[in-house]
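Nothing in this text is a laboratory measurement; each read-out follows from the coordinates by a stated rule. Since we're looking at a predicted model, the values are computed, not measured. Here the Cβ is made from the backbone with ideal geometry for all residues, glycine too, and neighbour counts use every protein chain on show.
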Amino acid sequence: MSIKGSPYARFRRALDTGNLALIRTAAAELPQVNLDDALRICLVIREREPESFDKAACRWLARYAMDPRDPRATGGGGGGARWKLMREDPDLAHEVLERL
């Protein structure tokens, strides 16, 4: 481990900056990005690269639909509604998903 911390610590610092180039570089060092952090990345993309948001949101929703932690998500029954909420009010979507 370097003096600057673990790859995950670097990723979290990059995420806090909101700089997509730093976030992408730091995320590439991780074996995987957890669902919660992926949602935060989507919110940064919506703000910084809105033209890329739909693709990022669809990828996130696909992961969420397959997440075994929430049996209600399996099968993507509410995926369309979740996507619409992320699109229209990402802050509220983040709050709702954190409660899940």
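Suppose the chain between Leu35 and Asp54 were pulled fully straight at 0.36 nm per residue; how much longer would it get relative to their current alpha carbon spacing? Kindly include the intermediate steps, with their values, before the conclusion.
Working: separation 19, 0.36 × 19 = 6.84 nm, distance 1.67 nm.
Extra length available between Leu35 and Asp54 comes to 5.2 nm.
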State, to one decimal in nm, how far the label point of Thr25 lies from the label point of Arg12, with both points 7 Å from Cα in the Cβ direction. 2.1 nm
HN-Hα J in Hz across region 34-48 - Karplus 6.51, -1.76, 1.60, θ = phi - 60°, x for Gly and Pro: 5, 4, 5, 5, 4, 5, 4, 4, 4, 5, 5, 4, 4, 7, 9
Additional length obtainable on full extension of the chain from Glu47 to Leu92, 0.36 nm per residue less Cα span: 14.7 nm
Under a Cβ-Cβ cut-off of 13 Å, what is the net charge of the residues other than Ile45 that fall near it, where Lys and Arg count +1 and Asp and Glu count -1? +2
